[in-house]
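Data block below; observations after.
The values are calculated or read from the model by the stated rules, or taken from the named source; none is laboratory data. Just so it is clear, the model here is predicted, and its values are computed rather than measured. Every residue, glycine as well, gets a Cβ built from its backbone with ideal geometry; the counts of neighbours run over all protein chains shown.
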Amino acid sequence: MQAVDDVTRRWIGRNEALDRLGIKTQTLYAYVSRGRIIARPDPADSRRSLYDAEDIDRLLRGEGPAPRPTTAPDRSGVRGEADITSSLSVVADGRLFYRGLDAVQLAQQATLEEIACRLWGLRDVHLFTGIKPRLDGVIGVSIRARTFAILSRRAEEDVTSRACETEALKTQAACILNETIDAASGPGPRLHFHQRLARAWKTVDRDSHMIRRALVLSADDELDSAVLAVRAAAGGGAPIAGAALAGLTTLVGSTVLRDLTDASTWVVDARRSPVEASRRRLQETGSLPGFTAVAGSHDAGRAAALLSAADLPADLRAVQQAGEATGDGQATFAMALAIIARRLELPRQGAADLFMLGRLTGLLGHALDQATNGSPIRARLRYVGPEPGAN
């Protein structure tokens, strides 16, 4: 949507946009997430957004959204471009919103099942409670291996997404997520997803809310390679599970998981002597893993929301404080997950597993959105190889 020349646009601040439309902030963010109003970062303050005055005038006149460019602008050196619309989430004014509601606020009470309902457009959260465990479970050493096995099996069993009605696809997604949680947690009572995982990890009940918050805050984010992979697969007609598998395998190879792994290793290394370890790391490498979040960004906001609810022991609190005092910024969400994993004494890959299981919910949502409501993905590949017929 940003392809239109910004020079020809007039941009206004949030307060002016709210006054002109006579709406609340959440409604404004919903218009942005649906593509009815274009927003861009404020050049003077990246934590704030500016809104297209022409789109607002169009809404006031009762007209539909303006037609958007059908081709991406020419940018030299760009090998490939894609134009994707999504109604799941948006980052605005330094906050992440799931279909118009603040993800941090949702994480205070919402379960992962409720977030799935919101992102997927499900009408009834009780759909999850009616799903029975599957008897022919999968095997695997790690949660990641079992998750991939579940998605691979379902991709083979399920028909193309083009052959299913919308509600059937949503039920299919619910079954996939339920099977994945079962594979991660093992057999047991049909509790909420975070409670099943807490039981498997032997986390006391009073601390299970940290697992719930981590799952909710991990569910979705801005466009990345994993979302692009999911939507390309779903747009091509892949089963919902196959599209999600494409996204997860892409996620595993991304910098997101690498940062999470580095942060998890750092928490273990720095826990005994955070200040000394931080100074030594800075002298050796010039940076600290997991402390690069910009103040006021949605990454810093999610991290702060998770850590503030964790009741951290003194040593883990010292890791956070030493890192923020000597690093390049505030704790990232990856660092927050790493600290939470140690606070709950999860297995070595616990932080990555939490993130992957939460993110699967959003990836399934993107698969559903693309298969049922998504516009065609307009992509262009610029060939830069030898001339046809060249020796």
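Points worth noting:
- Residue pairs whose Cβ atoms lie under 7 Å apart, separated by 6 or more positions or on different chains, with the first residue in region 364-389 and part of a helix (DSSP H, G or I) and the second of a type in the set (D, E, K, R), are 365/220; 366/231; 368/170; 370/231.
- When 188, 130 are checked against the criterion of being of a type outside the set (Phe, Trp, Tyr) and either on the phi > 0 side of the Ramachandran plot or within 20 Å of the chain's Cα centre (by Cα) (or both), a single residue qualifies: 188.
- Here is the figure for region 112-133: residues that are touching a residue at least 24 places away in the same chain (Cβ under 8 Å), in a loop (DSSP other than H, G, I, E, B) and among the β-branched types (Val, Ile, Thr) total 1.
- Within region 134-151, if we keep just the residues that are surrounded by 13 or more Cβ atoms within 10 Å (Cβ to Cβ) and not in a helix (DSSP H, G or I), the residue that is modelled with the lowest pLDDT turns out to be 137.
- Failed condition for residue 229, given (1) hydrophobic (A, V, I, L, M, F, W, C); (2) in contact (Cβ under 8 Å) with a residue 60 or more places away in the chain; (3) within 28 Å of residue 298 (Cα to Cα); (4) surrounded by 21 or more Cβ atoms within 10 Å (Cβ to Cβ): (2)
- Residue count, region 197-249 (criterion: closer than 18 Å to residue 378 by Cβ and under 16 Å from the mean Cα position of the chain (by Cα)): 7
- Residue 299 acidic (Asp, Glu), under 23 Å from residue 365 (Cα atoms) and either surrounded by fewer than 16 Cβ atoms within 10 Å (Cβ to Cβ) or in the same structural domain as residue 150 (by TED's automatic domain parsing) (or both): yes
- Residues in region 152-187 that are part of a helix (DSSP H, G or I), acidic (Asp, Glu) and over 21 Å from residue 232 (Cβ atoms): 157, 167, 179, 182.
- Of the criteria (1) surrounded by 16 or more Cβ atoms within 10 Å (Cβ to Cβ); (2) in contact (Cβ under 8 Å) with a residue 40 or more places away in the chain, which one residue 282 fails: (1)
- Filtered residue count, region 250-293, keeping only those that are of a type in the set (A, V, I, L, M, F, W, C), within 18 Å of the chain's Cα centre (by Cα) and farther than 20 Å from residue 214 by Cα: 0
- Residues that are of a type in the set (A, V, I, L, M) and touching a Pro at 6+ places or on another chain (Cβ under 8 Å), drawn from region 113-169: 155, 159
- Output for region 321-344, where each listed residue is surrounded by fewer than 24 Cβ atoms within 10 Å (Cβ to Cβ), in a helix (DSSP H, G or I) and within 23 Å of the chain's Cα centre (by Cα): 342, 343
- Any hit, region 371-391, residues being under 25 Å from residue 92 (Cα atoms), crowded, with 21+ Cβ neighbours inside 10 Å and not β-branched (Val, Ile, Thr): no
- Criterion: in contact with a Ser or Thr (Cβ under 8 Å, 6 or more places away or on another chain) and among the acidic types (Asp, Glu) - qualifying residue of 269, 262, 299, 311: 299
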